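Please treat every number below as a calculation from the coordinates, not as lab data. It should be emphasised that the depicted structure is a prediction, and the values quoted were computed from it without experimental measurement. Reconstructed Cβ throughout: ideal geometry from the backbone, glycine too, with neighbour counts over all protein chains shown.
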Amino acid sequence: MRPIRATRLGTATALAALLACAPVAAAAATDIDSAHAKGKDKVITLIGKLAEQTRFPVNPGGKPAQGDRTVFRSILFDESGKQVGETGGTCDTTRVDNGGAEVCVVTYTLPGGQLSVQGMVFGMLNPGPPPSFDNGITGGTGKYDRARGSVHADTIAPGTRRFTIDLD
């Protein structure tokens, strides 16, 4: 398959690209182990901005199809606007009926370690802004070793999402 460079963010493209912006940057400044030891959840809010993205469609120039893939990278910022990390990931289209669905796998690189996130995103082929979604934190490295929890994402502007990371 030939890569097709995206020049504009369509609904599905923006969704996939921003999924990578899901969790943890301000988390880089937190201590997950102490949160676990005290039995408290840790909530982190980050802003993700799409940096680059490449789409690999099954039918170049045609309709979306099962197996389409998007590879992306986003830059993560804390709520004060300070860059705190980046994400990289892929989303694969699993269905194109009923608004479509994608399964995404994303790694968040932050000071002190990485977080792994994965899950389904539904409705990315519907008109309008990319839909909100919730994905699971499946693990991590460094200070995020054995991390668990979830990430909720909302589109706040074209190419920009707010991520609420809830570390259990």
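Using the average count of surrounding beta-carbon atoms within 10 Å as a protection proxy, the listed peptides 138-146, 47-55 rank, highest first, as 47-55, 138-146. Local charge for LEU115 was computed over the other residues whose Cβ lies under 14 Å away, with Lys and Arg +1 and Asp and Glu -1, and equals 0. The modelled label-to-label distance for the pair ASP166/ASP134, using points 7 Å beyond Cα in the direction of Cβ, is 0.6 nm. For the range 71-80, putting each phi into the Karplus relation 6.51 cos²θ - 1.76 cosθ + 1.60 with θ = phi - 60° gives couplings of 10, 8, 9, 10, 9, 9, 10, 7, 5, 8 Hz, in residue order, rounded to whole numbers and with x for Gly and Pro.
What is the ratio of the Cα radius of gyration of the range 93-168 to 2.2 N^0.38 Å, where N is its residue count, to two decimals?
1.19
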